[in-house]
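Please read the structure below before turning to the comments.
The values are calculated or read from the model by the stated rules, or taken from the named source; none is laboratory data. The structure presented is a predicted model; accordingly, all values stated were derived computationally and were not measured. Here the Cβ is made from the backbone with ideal geometry for all residues, glycine too, and neighbour counts use every protein chain on show.
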Amino acid sequence: MRRAIFSAIAALFLAGAAQAQIKTIVTDHFRVHYTSGAEGTARRVAETCEEVFPTLAAAYDYYDDFRTIHVIVLDNSDVLGNGWANYYSNTMAIWATSLDFELRGSHDWIKNVVTHELTHIITLNKARKKWPFQFALLSVSRFDSNPDITFQFPLYHLNAPRGWTEGIAQYGAQKFGYDAWDSHRDMLLRMAVLEDDLLSWEEMGTVLDRMGKFYGEFVYNQGYAMMVYLHDQYGAEKVDELTHQIGSMSFDPAIRRVLGISADQFYADWVAFLAENYGRLESEIRAQGFFQGEPMDEVNEGVLEYHPALSPDGKKLAYLTSEKQDYGLTVLKIYDFETRKKTELKGWIDTRIGWSPDGKEIVFVRNKGGFNDLYIYNLAEDKERRISARLRAKDPSFSPDGQRIAFVHNKDGTNNLGLIDRDGTDVVYLTNNNDATQYMGPRFSPDGEWLLFSLFRGEDRDIAMIRADSPPRPKVFEKAKKKKKSEDDEEGEEGEEETIEVFPDTVAFAHPDSSGFRAVVASPADERDPHWLPDGSGFVFSSDQSGIFNIYRYRLENDEVEQLTNVIGGAFVPTVAADESVVYSGYQSNDYSLYRFEMGEYERDAHFEPVVMRDYRSIFDGPKLADQFQTATYRGRNVLRYIPILQVGPTYVGNTFGLNQASGGLQFSTGDMFGGQELTAWGIVGKNMRSATDLNTDVGFFYERRLRPQVGNNRTFNPSFYIAGRRREIDNAIKGSQITADTLDVGNVYPVPVDSVTSLLIPDVRQYIYQGTSREDLFKTSLGQLAVGVDVPLTRRTELNALYIWRDFAEGWTLRRFRSLNQIYLEQDGVDMSASLDPSLLAQDTLLVNNEDPLEFYEDLSFFRTHMLSMGWRYRKINPTADRLISPSGRAMALVYRYLMPTVADSLTEQISPDGVPRDQFVGVERRMRVNEYVAAYNERIRLPFDNSLNIELIGAYKNIRLKPRFIEDGGFLEGRYYWPLRYYIGGRNFLSGYPYFTDWGTKLLYARVGYGFPILKRISSRFINFNFSKLYAELFAEAGVVGNFSRFEDIDFWKGERWKSRPNIDPFLADVGGELRLQLFTFYRIPMFAYFQVARPLPSARVKQLWITRLPNGSLEECAPTAQDCFRSLTVRDSEGDLDEIDKWRFYFGFGL
């Protein structure tokens, strides 16, 4: 125990230490929080924030709503060039690594993303409704009857489509020149228009509607294009006015109010405008001579084939491919042109690829823990070798002798060119940039003397060269922060002094006389992806000089340029074989594929007008961060959220449904914005709608603390510790009545009182006696629990968890009303004599208990208490498919062991007060137990062709106990009633849907479900008010389940029949078949919802039969003869205790909600 306490204290201490490493820059309007190593990016973020804020705030009249904006700056990833904004909490996050994406052009990353996210903060705060909460939830349910109905409706304080919010953010960055409608964006839109693949107006509402391929990017792209169109056709003031006119339920009325036309008409006009302009451009290209080469069908299989690299002999091709996945998640493959075989390197890879000069190896990059490292793969041995650790490298290539590797180093948002030996030693850097300069794709010249690469310094990409033996950055730069050098290093430092003179720390690279640096192609266009010609006489590259990216050839001897392709989409990343055949990646609508052509098939002279000489050598030499801004240690910042809740539906305790109640409450959460800790608490009050009872209450809390902050954490191992508590009080007023009838045959004598001492005897009378009782019982149940646990992620998909729970369930029972009614009818010689007698002699109506003086049987009877220790393992993998919201595929597994030490009220016994002090009439007879529980669950959802799916679910659970039945006829008072927390129940939606909830129970459970899903409508693209309808899927399913309450497996007959003709005994199983329609939709443009309709039918079996039954006075059922009185035929199920229950031939479930 002490070790566990010390471990918990150490974990909390480490969590605090991680937060202490965060620093804060304080400006007039912002607090910029950054982690160690991101100082340069944090400076640029702070500068940009204060630069653009006044203009944006004034444009959108934001000063009245201003609150300090917090910005998180992170440098924990080499692949995630991204940012996000939470307008509700006034928080932004910016990653230092620049966005290098196949679908976006190059822009000044920090200025672009900061302006983009800040525009989100300002415009969405202006557009949202000024509610004190962001989200509220209304729900109505009825699952204690057939049909079963569940309805949920969220209220959200913003009603803006995602296309507009992302479009206005990019439009805002464009105002400052930090974003532009570049050639990549135009390419995406152009091909979507020409190939009829645009998102509909409804699909532009969210990135979750039309998913897969590059449709998520289309929402951004079409939104931006629409803002540009709106600006050009209607004026800039109309763009800004839309921010202030967003409606409460739909964005469509804002379009009509501002533009004077409907949203549908506006969208149709825009599409027609695009079709006309892009159609004209396509005709011009085809008239000039369209040329794209031949598609490489042998390798094109996914939505993304990119970064091709031909081997030196041209016999093999390494490339990235997304295979047949819905998204551009790539693996590296090597295609052999002679054998037509493909070799795949397992695992996600997104990198340029370099071949060794002998064609036996390739060098590439893998990302581990957020950072890139270099790997060499040997084709013959089929083995890869890691040669660096946290090098943060990208774009590697071999030198002609195969001994050195050129790469790009990434840190704090800035790139530098580096060299490393093939064994991972002797790392040197040829550049010393510190100002967000970006280098891409360095390649050794065939003679090994030069490195050719593209670079970006804030305007557009250029192509440049530097000598491979350029003086490296002096290592003394890395030592400059040390206050003292050891004497052993003095000689080495003296040797470096000469290098420092050539390469001082105030420039990006050595003097051009030594480095040989020169910009080869530097025009106002974007030039990228250079690749040497085999003889070193020049190179091929990609450029958007004409407005469309094409492949060009540059000749070093005379600076001449020829255009080699003339495409309509775009041509990128060329690679050249020894025979001068060229392979490149070309874009069509929603697809990058590889194409091949021979040099000379198409050539056209091209001229690149050089820009005025750009400064490539300078670096940032401004003041220190502490001199420029006020800085401090991050002290934490909590974000508070409220969620109002309104519910209408039945209460239930254990397996007993209570009365419907209306309840309302509030959930709030607060936590540090880095996600290190969070507290959630709630309080809900409900009232039974048909009975005068006390208020039902539900209060609780959940506090979680992680070892490391969640935002900016790359490590999989990040345990979270939590403590939770909950207490519910539920008042169930249960009303019941019972009528019995009896007949006394003729021959009896019935006495009729005449006076107080005399009675008249009436002979030969048949008596009909009816006795009825009605009662109302109030059960007040309190359910309290306290939990302490830890979740430990092992990988991205697996985790261990340990949990301790204390539960204490108590109940009070009060008889609030009891009424007894007796009625006698007399018949003599076939004549009814009752009417001739005083009614008071034949009827008796007695109110034995009333609300003013109820009978309390017990109060706060603790009927169930337990300590529980739990250990679990979970695995979950959801495949990234386009329909994963409505029809996910993947695998989930779980194994759980629990040890319980429950104390249960086995029965009740009457209590006699020894001292005359009133006490509860009954007390519990307690029974202590020790329970071992084992649970295993498996769910496999297999994706089939045409978006069909096969879904398999298995659940097995076992407790090593046998419980008493719920009712024991000759047992103690209420013996067996309080064991319900230890029982497994089956029945209800998706757990034997053909049967009512709590159909059967046991301490062992086995459940199986098989379903076949398929799409009906994959694109609905329609809307109603603020609901956008997306997809409609269906599923056919079959279920089987059984519960048992046995002590040993030997007690179960698993087989039936004769010894040699036995078969599995399936008699105990319940089974059903059914189907479901499932509709995916969105409300408020961003909240995914589902509507479903399910129908299920129980299957006949040894336990499910059509029987003639009658209902007994106590409400139970028993079989009867068809001719018997009050006997009727119905479908029944017999539970494990042998009792009959009536069930419906069909059960229906309807739902609408989250």
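Some observations on this one:
- Candidates Asp426, Asp373 - the one that is of a type in the set (Asp, Glu), surrounded by fewer than 22 Cβ atoms within 10 Å (Cβ to Cβ) and in a strand (DSSP E or B): Asp373
- Residues being hydrophobic (A, V, I, L, M, F, W, C) and part of a loop (DSSP other than H, G, I, E, B) - total across region 543-586: 8
- Tally, over region 229-271, of residues that are over 32 Å from the mean Cα position of the chain (by Cα), closer than 20 Å to Ala173 by Cα and aliphatic (A, V, I, L, M): 3
- Failed criterion for Glu241 (all others in (1) assigned to a helix (DSSP H, G or I); (2) of a type in the set (Asp, Glu); (3) modelled with pLDDT of 90 or more hold): (3)
- Test: Arg874 is under 47 Å from the mean Cα position of the chain (by Cα), surrounded by 14 or more Cβ atoms within 10 Å (Cβ to Cβ), among the charged types (D, E, K, R) and part of a strand (DSSP E or B): yes
- Filtered residues of region 642-693 (kept if modelled with pLDDT under 90, in contact with a Ser or Thr (Cβ under 8 Å, 6 or more places away or on another chain) and of a type in the set (D, E, K, R)): Lys687
- Within region 621-665, if we keep just the residues that are in contact with a Phe, Trp or Tyr (Cβ under 7 Å, 6 or more places away or on another chain) and closer than 30 Å to Asn86 by Cβ, the residue that is surrounded by the fewest Cβ atoms within 10 Å (Cβ to Cβ) turns out to be Leu640.
- Condition check for Val896: over 30 Å from Val1010 (Cβ atoms) and either outside any strand (DSSP E or B) or in contact with a strand residue (DSSP E or B) (Cβ under 9 Å, 6 or more places away or on another chain) (or both): no
- Condition broken by Phe477, with the remaining ones in (1) modelled with pLDDT of 95 or more; (2) surrounded by fewer than 24 Cβ atoms within 10 Å (Cβ to Cβ); (3) among the hydrophobic types (A, V, I, L, M, F, W, C) satisfied: (1)
- Subset of region 987-1020 (residues that are of a type in the set (S, T, N, Q) and in contact with a Lys or Arg (Cβ under 7 Å, 6 or more places away or on another chain)): Ser993, Thr1003
- Among the candidates Ile349, Ile285, Ile362, residue that is closer than 28 Å to Ala393 by Cα, among the hydrophobic types (A, V, I, L, M, F, W, C) and not in a loop (DSSP other than H, G, I, E, B): Ile362
- Reported count of residues in region 272-288, each being closer than 14 Å to Val193 by Cβ and surrounded by 14 or more Cβ atoms within 10 Å (Cβ to Cβ), is 6.
- The one condition from (1) under 22 Å from the mean Cα position of the chain (by Cα); (2) modelled with pLDDT of 90 or more; (3) under 24 Å from Met1089 (Cβ atoms) that Thr150 does not meet is (1).
- Test: residue in region 573-583 that is in the same structural domain as Gln438 (by TED's automatic domain parsing), closer than 29 Å to Tyr278 by Cα and at pLDDT below 90: no
- Filter result (under 60 Å from the mean Cα position of the chain (by Cα), in a strand (DSSP E or B) and surrounded by fewer than 16 Cβ atoms within 10 Å (Cβ to Cβ)) within region 816-853: Ser820, Leu847, Leu848
- Residue match in region 529-550 (condition: in contact with a Pro (Cβ under 9 Å, 6 or more places away or on another chain), among the charged types (D, E, K, R) and crowded, with 21+ Cβ neighbours inside 10 Å): yes
- Against the test of being outside any strand (DSSP E or B), in contact with an Asp or Glu (Cβ under 7 Å, 6 or more places away or on another chain) and more than 20 Å from Pro442 (Cα to Cα), the options Ala380, Ala389 yield a single qualifying residue, Ala389.
- Here region 309-363 is the region considered, the condition is being small (Gly, Ala, Ser) and closer than 18 Å to Tyr375 by Cα, and the residue that is modelled with the lowest pLDDT is Gly347.
Rundown of residues vs (1) at pLDDT 70 or above; (2) among the charged types (D, E, K, R); (3) surrounded by 12 or more Cβ atoms within 10 Å (Cβ to Cβ); (4) part of a strand (DSSP E or B), yes/no style:
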{"residue": "Thr740", "(1), (2), (3), (4)": "yes, no, yes, yes"}
{"residue": "Val746", "(1), (2), (3), (4)": "no, no, yes, yes"}
{"residue": "Val757", "(1), (2), (3), (4)": "no, no, no, no"}
{"residue": "Val765", "(1), (2), (3), (4)": "yes, no, yes, yes"}
{"residue": "Tyr768", "(1), (2), (3), (4)": "yes, no, yes, yes"}
{"residue": "Lys780", "(1), (2), (3), (4)": "yes, yes, yes, yes"}
{"residue": "Leu783", "(1), (2), (3), (4)": "yes, no, yes, yes"}
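- Residues that are touching a Lys or Arg at 6+ places or on another chain (Cβ under 8 Å) number at least 3 in the following strands (runs of 3 or more DSSP E) confined to region 1070-1119: 1070-1083, 1087-1098, 1104-1111.
- Those residues of region 373-399 which are out of contact with any Phe, Trp or Tyr (no Cβ under 9 Å at 6 or more places or on another chain) and within 14 Å of His307 (Cβ to Cβ), in sequence order: none
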